[in-house]
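Quick one: this structure, given as structure tokens, is what I'll be asking you about.
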Amino acid sequence: MALVSVKDLHKSFGELEVLKGIDLEVEAGEVVAIIGRSGSGKSTFLRCLNQLEHHDWGTIQLADQRLDGTSMTPGELSQNVGMVFQSFNLFPHKSVIDNVMLAPVVVKQTPKSEARRIAEEVLAKVGMSDKIDSYPAQLSGGQQQRVAIARALAMNPKVLLCDEATSALDPELVGEVLRVLEDLAKEGMTLILVTHEMKFARDVSHRVVFMHQGRIHESGPPETLFTRPQTPELAQFIASVV
Amino acid sequence: MTLDFSSLLPYTDQILEGLVTTVWLTVVTTVAGIALAVVVAYVRDGARVRGASLVSRLLGGYVEVIRNTPFIVQLFFLFFGLPALGVPISATVAALIAMILNLGAYTAEILRAGIESTTRGQHEAARALGLSRLQSFRHVVLVPAFSRVYPSLISQCIIVMLGSAVVSQISVFDLTYAANFIQSRNFRGFEVYLVVTAIYLLLAVGLRLVFEFVGRRLFAFRQGGSA
Ligand SMILES: Nc1ncnc2c1ncn2[C@@H]1O[C@H](COP(=O)(O)OP(=O)(O)O)[C@@H](O)[C@H]1O
Ligand SMILES: [Mg+2]
């Protein structure tokens, strides 16, 4: 059974229909890269997956649990689906370690000492062990994003969503964040990433999904998709980004 | 005219008593008023997510009434108005309540500006981590909001401390009451009010220093860069 199963997902903002029926199944351990033009609905789709947006129609299932409606509390949802944002969104008044410990302590009610152990572990994983007492403003963008990844991981989610995790970064800082994501992929973390890093999509993902005008226009293994696009839209898109 | 401060010496006790009253009224008002403001701001912030509730409208009304009427009238309303309705109230309690309600309303409005400038990204990060609205308010929104409006908050607390002089009008034995009392006995108005003015000035400076000390600890995160 698929870990994430999305059926006929629709979402409109007022008159504007942004998602026009998305179907997608993601297996545990799979890395799915979502590509597509700006405005094609990629962010909205990810945001529906963790209910930052509420969809109008269709179902989202996580393993055997319906994730929409009232069947899952926000606290439960956050332990299933983690999210990394383009703009990091670290809490500026909290040190690195406190950023990471906050949700486990407050939402999961993990004892502080245990939460600290978990936080140190995930911070080591993203290579930020030596900065645990720094404040976000003292870190580079790449470092902030790695802390944001650690913060999401601390809730031990089953799937991690990344919305253009490297788009706000200076070019020289992109690599360190992509390496962390690649390591997670190798460890078997289920990842759904919206990305403009085509090389990364090609090298790391198991499947690439091309979104166009609110629909999944084409999807498949990266090699096939990038070398033999089936639709003119995808061919055009690939030509425009490489 | 010659200055004669020795004429004040017999009244040291009165000045001290007035000073102690002014200080404790200020301390209690500052703590309780800010706490009240946080609660009011939280409830009113709820309108952002689920529309204005009856309670948040009522609190909005409270804030507007306080901010658009004279403090002395608010004080008289409590002290003379409530007993007329059959609710007995002492001068000190009336003074304290009036001051807390006053600071609470102004601070709630100051704080609202700080809360409203919380970015969408902060709210979304908190939600994605599973924090409820209250948890998010407490752990994510509040401290940065305070840090953004802290200078206005300090000024407001000083205004309320200085404004507390008005409570002498209902015979609360504060610093101003002590001054009036002494002046009516020794007729040394210049000396008395000079000394009391100096004390208020020192209190204002002291209050600001305390706030700045607390702020440096609470908002240490700002020193690393622009946050
Ligand atoms: N909260 C919103 N309100 C109104 N329109 C929105 C909102 N969020 C996104 N949109 C619109 O939905 C469309 C898809 O946006 P988005 O999902 O962000 O696309 P992408 O991430 O692929 O660039 C865009 O036209 C955008 O303007
Ligand atoms: Mg987007």
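Hey, what's the Kirkwood Rh for the range A:91-157 if you take every pair of different alpha carbons, in angstrom?
Details: mean 1/r = 0.0879 Å⁻¹.
Radius from the Kirkwood sum: 11.4 Å.
How tilted is helix A:96-106 with respect to the longest principal axis of chain A? Cα atoms for both, answer in degrees (0 to 90, nearest 10).
80 degrees
What are the ³J(HN,Hα) couplings of the range A:227-234, residue after residue, when phi is run through the Karplus curve with 6.51, -1.76, 1.60 and θ = phi - 60°? Round to Hz, x for glycine and proline.
Rounded to whole hertz, the list is 8, 10, x, 8, 10, x, 4, 5.
Give me the number: length gained by fully extending B:THR197 to B:THR69, i.e. 0.36 nm times residue separation minus the C-alpha to C-alpha distance, one decimal in nm. If you can, show how the numbers build up before the last one.
Values: separation 128, 0.36 × 128 = 46.08 nm, distance 2.59 nm.
Extra length from B:THR197 to B:THR69 when fully extended: 43.5 nm.
In addition: With every protein chain kept in place and ligands, DNA and RNA left out, what is the accessible area per residue of the range A:143-202? Probe 1.4 Å, answer in Å². Could you put the intermediate results ahead of the total?
Working: 2160 Å² over 60 residues.
Roughly 36 Å² per residue, with all protein chains present.
Evaluate peptide A:93-100: per residue, the Cβ atoms of other protein chains within 10 Å of its Cβ; return the mean as an integer.
On the way: counts 14, 5, 3, 0, 0, 2, 2, 0.
Across A:93-100, the average partner-chain Cβ count within 10 Å equals 3.
Show B:THR12, B:THR22 ordered by accessible area, largest first, where the area counts protein heavy atoms only and the probe is 1.4 Å. Intermediate results must be reported in sequence, preceding the final value.
Working: B:THR12 65, B:THR22 0 Å².
Reading off the accessible areas and sorting them downward yields B:THR12, B:THR22.
Sticking with this one: Residues with amide H under 5 Å of A:GLU218's amide H, sequence separation 5 or more or different chain, H placed in the peptide plane at 1.01 Å from N; which?
A:PHE210
Find the Cα radius of gyration of the protein assembly as shown, compare it with 2.2 N^0.38 Å by division, and give the number to two decimals.
Cα-based Rg divided by the globular estimate yields 1.31.
Give me a comma-separated list of calculated 3J(HN,Hα) values for the range A:80-93, in order, Karplus coefficients 6.51, -1.76, 1.60 applied at θ = phi - 60°, integers in Hz, x for any Gly or Pro.
Per residue, the Karplus-derived 3J(HN,Hα) values read 10, 10, x, 9, 10, 9, 4, 9, 6, 6, 5, 7, x, 8 Hz.
Using a Debye calculation, one point per C-alpha and no hydration shell, please list log10 I(q)/I(0) for chain A at q = 0.09, 0.12, 0.16 Å⁻¹ in order.
Relative scattering, expressed as log10 I(q)/I(0), comes to -0.38, -0.68, -1.18.
Right, here's the next one. Taking amide H atoms as placed 1.01 Å from N in the peptide plane, list the residues 5 or more away in sequence, or in a different chain, whose amide H sits under 5 Å from that of A:VAL84.
Long-range HN contacts for A:VAL84: A:LEU161, A:CYS162, A:ASP163.
Another question about this same structure. Report, in order of residue number, the helices in chain B meeting two criteria: a C-alpha extent of 15 Å or more along the helix axis, and a mean Kyte-Doolittle hydropathy of at least 0.5; treat each whole DSSP H run as one helix. Walk me through the numbers before you get to the answer.
Working: long enough: B:12-50 (57 Å, 1.03); B:54-67 (20 Å, 0.94); B:91-116 (37 Å, 1.28); B:142-163 (28 Å, 1.42); B:175-186 (16 Å, -0.26); B:189-218 (43 Å, 1.44).
Qualifying helices, which must be both long enough and hydrophobic enough, are B:12-50, B:54-67, B:91-116, B:142-163, B:189-218.
Separate question: In whole Hz, with x marking every Gly and Pro, tabulate ³J(HN,Hα) for the range A:118-133 from phi via Karplus 6.51 cos²θ - 1.76 cosθ + 1.60, θ = phi - 60°.
These are the phi-based 3J(HN,Hα) values: 4, 4, 4, 5, 5, 5, 5, 4, 9, x, 10, 4, 8, 10, 5, 9 Hz.
Could you give the size of the charge dipole of chain B about its Cα centre, using +1 on the Cβ of each K and R and -1 on the Cβ of each D and E, expressed in debye and rounded to the nearest 20?
Details: 17 positive and 11 negative charges, 223 e Å.
Here chain B has a charge dipole of around 1060 debye.
While we're looking at this one, here's another question. For B:TYR62, what accessible area in Å² do you get when you roll a 1.4 Å probe over the heavy atoms of the protein chains, rounding to the nearest 10?
That residue has around 50 Å² of solvent-accessible surface.
While we're here: Please report the antiparallel percentage of DSSP beta bridges with both residues in chain A, rounded to the nearest 5. Working shown, then result.
Values: 20 of 38 bridges.
In chain A, DSSP labels about 55 percent of beta bridges as antiparallel.
Oh, and also: Give the carbon-plus-sulfur fraction of the accessible surface of chain B in %, rounded to a whole number; probe 1.4 Å, heavy atoms of protein chains only. Intermediate values should be presented prior to the final figure.
Numbers: 7720 of 11340 Å².
Whole-percent figure for carbon plus sulfur exposure: 68.
The values are calculated or read from the model by the stated rules, or taken from the named source; none is laboratory data. Computed from a prediction, not measured in an experiment: that's the story for all the values here. Positions of Cβ are generated from backbone atoms using ideal geometry, with glycine treated the same way; all protein chains shown enter the neighbour counts. Heavy atoms of the whole protein, side chains included, go into the accessibility calculation; ligands, DNA and RNA do not. Shrake-Rupley method; radii C 1.70, N 1.55, O 1.52, S 1.80 Å.
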